[in-house]
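Written out below as structure tokens is the structure these notes cover.
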Amino acid sequence: MKHNAQIFSFLLFLSGFLSFSQTTAEKLLLSDAALMLTKDDVTYDPSYFSINYPNGDVPSDKGVCTDVVIRAYRKLGVDLQKEVHEDMKSNFSAYPKLWGLKNTDKNIDHRRVPNLMTYFKRKGASKPITKNPNNYLPGDVVAWRLNSGLTHIGIVVNKKSKDGKRHLVVHNIGAGQVLEDCLFDFKIIGHYRYHY
């Protein structure tokens, strides 16, 4: 009887540990996928491209900030091109009307920051926007409004700033897919923890 109680206690502990680890591992996986992208030589290129569907991508040596998010999730088996397109097709009125479109465009819709923000929010991934760096965890997606008024997006990763106070971000703001200490450099307008 004592042996059965010990086994039960161990299994209970193990199940709690495994459920915690799964969520933590998921975030670290996205962080790792984003860090892998920094090894690729990518030129910032906002051009419109006709791409395959599903799982389409712009040429691998080109991209913008949204392509960092798209490519990182794709490394984990999540096709944001397909996911955003399907959600947008079914709920077109819920998405921003900033480009004068009357229909979806599977070549570009997922490559627009406001559309990714809308998608993540619609999927219940929104987290509070704060100035506390501890609230931004590896695997979180953050959107900013740049000083120019443009929107921007990147992924918080499991590496810390030199002072150890903030996680770093993988993004592409013009110099390719890079790792930088920029979490609070611009006004944060979106914070997401998207579990697929």
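Some notes on this structure:
- Some residue of the stretch 109-131 being within 26 Å of Val58 (Cβ to Cβ), among the hydroxyl-bearing types (Ser, Thr, Tyr) and buried (at least 19 other Cβ atoms within 10 Å of the Cβ): yes
- Test for Val58: is it over 30 Å from Lys162 (Cα atoms), over 13 Å from the mean Cα position of the chain (by Cα) and surrounded by 21 or more Cβ atoms within 10 Å (Cβ to Cβ): yes
- Checking each residue in the stretch 32-55 for being over 26 Å from Glu86 (Cβ atoms) and either surrounded by 15 or more Cβ atoms within 10 Å (Cβ to Cβ) or touching a residue at least 40 places away in the same chain (Cβ under 8 Å) (or both) picks out Asp32, Leu35, Thr38, Asp40, Asp41, Val42, Thr43, Tyr44.
- Residue check for Leu146: in contact with a strand residue (DSSP E or B) (Cβ under 6 Å, 6 or more places away or on another chain), farther than 18 Å from His195 by Cβ, surrounded by 12 or more Cβ atoms within 10 Å (Cβ to Cβ) and not charged (D, E, K, R): yes
- Number of the condition not met by Asp40 [criteria: (1) closer than 20 Å to Phe120 by Cα; (2) of a type in the set (Asp, Glu); (3) at pLDDT 95 or above]: (1)
- Residue match in the stretch 131-144 (condition: touching a residue at least 24 places away in the same chain (Cβ under 8 Å), of a type in the set (Ser, Thr, Tyr), more than 16 Å from Cys65 (Cα to Cα) and outside any loop (DSSP other than H, G, I, E, B)): no
- Pick from the stretch 37-70, criterion of a type in the set (A, V, I, L, M) and part of a loop (DSSP other than H, G, I, E, B), ranking: farthest from Met117 (Cα to Cα): Val42
- When we screen Asp185, Asp181 for residues that are among the charged types (D, E, K, R), without any contact (Cβ under 8 Å) to a residue 60 or more places away in the chain, touching a strand residue (DSSP E or B) at 6+ places or on another chain (Cβ under 7 Å) and within 24 Å of Asp40 (Cβ to Cβ), the only hit is Asp181.
- Screening Val170 on (1) of a type in the set (A, V, I, L, M, F, W, C); (2) part of a strand (DSSP E or B); (3) within 17 Å of Val64 (Cβ to Cβ); (4) without any contact (Cβ under 8 Å) to a residue 60 or more places away in the chain shows it passes everything except condition (4).
- Breaking point among (1) surrounded by 14 or more Cβ atoms within 10 Å (Cβ to Cβ); (2) at pLDDT below 95; (3) not hydroxyl-bearing (Ser, Thr, Tyr); (4) not in a loop (DSSP other than H, G, I, E, B), for Met88: (2)
- Within the option set Leu35, Leu80, being modelled with pLDDT of 95 or more and under 11 Å from the mean Cα position of the chain (by Cα) holds for one residue only, Leu80.
The values are calculated or read from the model by the stated rules, or taken from the named source; none is laboratory data. What you see is a predicted model, and the numbers here were worked out from it, not measured in a lab. Positions of Cβ are generated from backbone atoms using ideal geometry, with glycine treated the same way; all protein chains shown enter the neighbour counts.
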